[in-house]
Structure formats: structure tokens, C-alpha cells
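Quick note: the coordinates plus some simple rules give every number you see, no bench work behind them. Quick caveat: nothing in here was measured; it's all calculated off a predicted structure. All Cβ positions, even for glycine, are placed from backbone atoms using ideal geometry, and neighbour counts span all protein chains on display.
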Amino acid sequence: MVRKGEDVAEEVGEARTTPVYRGPSSVFEPCEHFMDPYTWHGPNKPLLQGHYSVKVQSTESVHMVVDGCYQKHMDAASWTKGLDLQAPRPHIMAGTFSSVNFRNVIVSRAMAWTLVASLPLSEQQSSSFERQAVLLNLMVQRIFWDTSGMMGFLPTVPPRKSLECPSCKVNKTIHGIGLAQLDKFSNWRCKPSNNLIQCFQQLYEDTSSHNETNLGSQGAVILDAWLNIFSSHRFPTTTRVPLTAARLAEKHIGIHAQLTAAKSMHAVSPNSSIPHNVFANVCKTEEGKMYSARIPVQHPISDILLVVIFNFPWLVAHIPTLEYIYGRHFRHVLYCAESTMDFQKLYASRFPANPVNFMEIPHRAGYWSYDCMAAAIRTGYQVAGYLQISDDVILNVWNLHGLPRGMPWFQANLRVAHIDRKVVPDLWVNKGWWPWMLFCGQPAAVRVYERLRVLRAMPGIGERVTTFLQNLHTVTDCDRCLTYEASDIFYVPAKIASDFTFFSDIFSQTQVFLEIAIPTILTGLAKDTGIYRMRGSYLWFQDRLRYSDVYTQFDHFYHAWKFSKFSDPDQAKFFCNEVLSRIDGDLLAHKTTNASHDP
């Protein structure tokens, strides 16, 4: 069968994606998603982390603007800094309610029926009126489950003229209704023969007959008039998709991630078991004494999502160390490993007061770790770019501030390999490079090249692939050549992020090893002259004993540094004096610089 170009494009990552909330609560709290957890909950309350699946976004979506998110314990400064406008735009689907009201909604014409939830049911503002409004809100949400649509949420920062928070009020009223009432809405089913508007009428009749939904006399008249408008077919209505067990399970299908809003400052709550300085027992010497910059006023780097890769599941135990090193510099950090179970066991259950962003990707011990970058991009952070590093990279963050955000970054070296060669030079001193001789090396290079050749002839995407191959040819001066090199650190700017995911899917589907895929994709997208070359060192095997001679503070990175080696006093002293002291020094400089701008 000949497949259409649009089908191929969707297969390799062209569809818009979004994080879909899947628990642990049956009610999604958008303010918990967009607000710093310490600001939102207060310093002494338990923190909840949302579980999400990254999925293709429905074309029939309703988007609600989340306003307010103000609570009594907040002051103006914490409220302003606590709101994370760069967080991914989340969605919910069948099986999940939301606490947000329908005051500011963006809908398509086919979804206009949902606006009934924004209608005033009474001119009197009272507790009974609030309950009626919430009941109507929940009815609309429940009927929405019988569509293929998703509900999305957008943050906003309106001028706050008072301390009142309308969305907080709705939130409290929803929980005041009780889980038993929510369960009744969840368990209700519409008759198979009914269309969407008839389902709405049936839901109201079924629940009001048992006094479970009392909208008042005026509310009932308004609802009846509204439903009559749509029953008369003067407005198109989205097609009903009956709710089934399979559809309720759909929100659990996809890339699994645990997300939390960015911390406005790196200050864990007092009941956290992570000390402020995890190096307190390591950096004991006077030379390694830290500056008083552990809590920066602002994160120096807030426009880049840092993606940290763990090749093996047990390495997630190093998250506290990496959080102290990089979590204070980068406002947004996403950790990626193969097992959510290991993350829960080795980090989340041990440090519940300091939630972090985590994504589960089956990258085969790092062979396809670029899948983490593609998934991070699909999550939808509103940033200038995405920087991926392996967990054993030392990142000299003080040298990153001036790097061009609009160009991809890669290391200085780049090697060329003809896909028909059975052996290519090693990255170290061996005769041949071992990954090239595996299924993910030369055989995969042949597969991906043939795949690109086929896609080049496809309508709609052929021009894109042609440009990619032309750029690759310009760099390699070869028609059947790819590039390869150590790829433990690279950066993808937002302006080519969609192109990266497109080609990343092609390379991943053909099982191309990361150190072939990453440099080849970057070269095909930006040519050699369009890539910023980062200064840094790669040491292999016994050469790593020369770390003190090779590492320099003027580079951007160093690889490889094993954080498990802190039991060696010499390595511990080196890291404290040469790296950590400069990280803290850079934080101190930015703390001083930003202090006058603190709201």
C-alpha cells in the first residue's frame, strides 16, 4: 500500500503534543501546575506532584485561562515570582475533572455548547449560587467526557486589584461538594442512542430527580433555553464519542512524566530530608568553603530547559547532588531515565518535599537518549531552547550566560563516516569504533539513509528532507555519509525544535545510535557553520585519571565525571575547589546583580 505524505509526517512527529494529567487526584488543580509548589502550598504542607502522559493534542480542545492562583499566605513578591509562565500547557481528558471555572474560555464553534457553564444563573451572589455554578461546571465537564476533545489550560497574570481569587473559591466549592458527588457524575452513563445535547438533558434529569443537581428555578430555565438553542441545530455540535473503559484508560497511554512548577528559588521546605548543601560533608576544607549563595534571588538561567540523562536506573539516586549543582542555576530541569519505578524508589519516596520533573523513556542504557530530548520538546516548555547533558558531565554554568540561544550547540569535533564502510575510526585509540559495528551503527546508518531517501519523494515533507540531506552533503562532501562524535552535551534552540523531533523520530525508528544520530541531525538542520562549538574535554577510560590536568574553568563542559567518586579525597577536593566554588561564586554574583530588581 502507498502511504500518504501526511500519514508519514504524523508518524515521525509532526502532530502537536501536550502533557495530559492522569493523577493522582480525580480533580486537576491548574494552579498547582503553574505555581511554585512552595509558594502555593506554604512551607510546611505536603507537596503533590502531578503525573502526566505526553500525548497528541486533540483537534477538538477547549482552552481555559487560569486566573488568580492567589492564596492568603502569599505576599505580592512570592505571588509574582511563584507563577511559572514557562510551564507546559497541560490538558485533561475523559476521567478527570478540573477545578477551574469557565469565565475565560477559548472554544471552537463546535464546542460553543460548553459556554453554558459561564452563564450567570442568578443575580444574587450567595453560597447556594456558588454551588449551583460549580454543579453546572461539573455537568459540562462530564458531558465533555463523551467527546474526543481535551480541556487545556493557559496561565495569565492579570492586574491583581484585590486579594480575592475567584478560581480559588471555585476550587474550595468543588471539594466542598464531596467525592461521593463527583463519583456519581463519574459513574453516570448516557444512553447509547442520545446525541451530545440529549446526553446533557439526560444528565440533568437523572441527577435533579434525586436532588443531586439543584440549579434553582432560574438556573433550570437558563439551562433549558441554552440546550434548546443547540437542539435546534442552529449551531453545529461536536460528534458524541460514547465513554468506554478503553477511553478512560487513554490518559495513561503515552510518555509518562512527573511534572512540577518551577521553584521560584531553591529553598526546600523545612520537613525535607534533603539538606540545603549536600556537599557539607564533602567540602570540608577552608579552600572549598561555600559562599552564602545557596538560595539565589532568581535563577540565573530561566530561558533554557536542562535535560539530564541517566543511562542506568540506579543513577537517579544522584538527583539531590545534581539539584544542588544545577537546580539553583536552571529554573527548569527535567530528569530522564528508563524507569519511573526506580525514580519513585530512589528519589521521590525519599524526598517528597522536594519534587522534581522526571520523564520515563526506554532509551536502552542511553543508546537512544536523544528520545529524551524529543520528548522534552514535546512536553511544551515555553523556553528559548533545550540543553541535554549526561549525568556525568560537569557543566561550567558560569560560561553559559552569553552563549547564542538561537543556534544549536555541540562540541568542537565532528567525524564523517560513509555508511557502506564496515569500520570507522574510534573516538579514543582503538582501531575501530565499537558502536559502528553493532546493529545500531553501520546497519542502522544504512536503514536511516534509505528511509530519508524514501521520505524525500513524499509530498508535503520531501522539500524538508531534501534540505536536510543537502546540508549534510555540504558538511561531509559525500552523498552517503553521516557524522558521528561523542554527544553527552548538546543544545537545540526552540526555533528548530520541531525539525529536531521530526528527524529524531526517523533516526529513532531505525535504531540509530545516539553518537551518530545527534551530530547528524544537528548538521542536517544547521550545517557546520550554523552550530556553536562548545569548548570542552572528553576523556575515556584510564585517561580520566588526568582530570586535574585537563579540566579548565574556561571551558563549557568536561566529561566524564562520576559523582560516585567523592569517596576519593583528591577528587572531592578538586570538585569542591575548582567547580562548586565557582558555581556558588556565579550564583553570588547574580544574587547581588538581581537584588535591586527583586519585586
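Here's the picture: a label point sits 7 Å out from the Cα of Phe541 along the beta-carbon direction, and within the stretch 388-423 the residues with their amide nitrogen under 19 Å of it are 423.
For Arg22, the residues 5 or more places off, or on other chains, whose built amide H falls under 5 Å of its own are His51, Tyr52, Ser53.
Quick one: if the Förster radius is 25 Å, what FRET efficiency do Asn195 and Leu154 give, using the C-beta to C-beta distance and rounding to 0.05?
Calculated transfer efficiency: 0.25.
Loop-located chymotrypsin sites (Phe, Trp or Tyr not before Pro) in the stretch 410-514 (DSSP state not H, G, I, E or B) with no more than 14 neighbouring Cβ atoms inside 10 Å: Trp428, Phe439. Straightening the chain between Glu130 and Arg480 buys 119.3 nm, computed as 0.36 nm per residue apart minus the Cα-Cα spacing.
Any chance you could run the full-extension gain for Asp206 through Leu588? It's 0.36 nm times the residue separation minus the Cα-Cα distance, nm to one decimal.
131.2 nm
As a calculated quantity, the FRET efficiency between Val454 and Thr239 at R0 = 41 Å, using C-beta atoms, amounts to about 0.70. By the beta-carbon count within 10 Å of each Cβ, the least crowded to most crowded order of Val424, Val107, fewest first, is Val107, Val424.
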